[in-house]
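Right, one structure below, let's go through it.
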Amino acid sequence: MSAKALAESLAARVWKAVRWREGTKGAMQSRFARLRVRSAHRDARSAAPREPEWLLVEWPRGESEPTEYWLSSVPETVSIEDLVRRALLRWRIERDYQELKDEIGLDHYEGRGWRGFHHHGVLCIAAYAFLVAERARLSPPAPLAFLRAARVPARFRPRGAPGAA
């Protein structure tokens, strides 16, 4: 069954209006539905069926059909609001990448070696991190509770630390 056919078969009570952030013209919101599915892409080649994933569908009011679809492997316990925020965080990532290229010069490397490119990229990202931190310090953003710091493994030793292998 196609994602579109599945979305069109959902009952009206399944669709929920979700606000995901404030935009330049006010709150950004739309109608979303989510359900657990098993994607069937090339399943004939695999020995076992795939694990269930979330299918998130956006169908704004006034549109004749759904406009966006996402598959996500986040835990089953995630709320629809968190699922929508995570799916639509792509805009922020693309904006950061554009700023890295335009303001910091990530795309200005003209060398020939991987090592030089790597150093250039690391310095650009470090400079951008500093600028973002300064921007946040001077004008704190709304809390992003759904973005949590990654858990550091218990036996983790940073490179160069005493006793590191």
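The values are calculated or read from the model by the stated rules, or taken from the named source; none is laboratory data. In this text the structure is predicted, and so the values were computed from the model without any measurement. Cβ placement follows ideal geometry from the backbone for every residue including glycine, while neighbour counts extend to all protein chains displayed. Only protein heavy atoms, including side chains, enter the accessible area calculation; ligands, DNA and RNA are left aside. Shrake-Rupley method; radii C 1.70, N 1.55, O 1.52, S 1.80 Å.
Here are the numbers for this structure:
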| item | result |
| --- | --- |
| Qualifying residue in region 130-137 (condition: open to solvent by less than 100 Å² (accessible area, probe 1.4 Å), of a type in the set (Gly, Ala, Ser), assigned to a loop (DSSP other than H, G, I, E, B) and modelled with pLDDT of 80 or more) | no |
| Search result, residues across region 31-85 that are over 22 Å from ARG19 (Cβ atoms) and among the aliphatic types (A, V, I, L, M) | VAL37, ALA40, ALA44, ALA47, ALA48, LEU71 |
| Residue count for region 6-54, restricted to those that are loosely packed, with under 15 Cβ neighbours inside 10 Å and β-branched (Val, Ile, Thr) | 2 |
| Set VAL57, VAL14, VAL18, VAL37: member being within 20 Å of the chain's Cα centre (by Cα) and over 21 Å from TRP91 (Cβ atoms) | VAL37 |
| Within region 27-45, considering residues that are basic (Lys, Arg) and touching a residue at least 24 places away in the same chain (Cβ under 8 Å), the one nearest to LEU83 (Cα to Cα) | ARG34 |
| Of all residues making up region 69-82, the number that are in contact (Cβ under 8 Å) with a residue 40 or more places away in the chain, within 15 Å of ALA7 (Cβ to Cβ) and open to solvent by less than 70 Å² (accessible area, probe 1.4 Å) | 1 |
| Residues being β-branched (Val, Ile, Thr) and surrounded by 13 or more Cβ atoms within 10 Å (Cβ to Cβ) - total across region 94-122 | 1 |
| Where VAL57 falls short, out of the listed (1) modelled with pLDDT under 90; (2) assigned to a strand (DSSP E or B) | (1) |
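Residue-by-condition table, conditions (1) modelled with pLDDT under 90; (2) part of a helix (DSSP H, G or I); (3) among the acidic types (Asp, Glu); (4) under 22 Å from LEU10 (Cα atoms):
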position	(1), (2), (3), (4)
TYR69	no, no, no, yes
GLU76	no, no, yes, yes
ASP82	no, yes, yes, yes
ARG92	yes, yes, no, no
ARG95	yes, yes, no, no
GLN98	no, yes, no, no
LYS101	no, yes, no, no
GLY111	yes, no, no, no
GLY116	no, yes, no, no
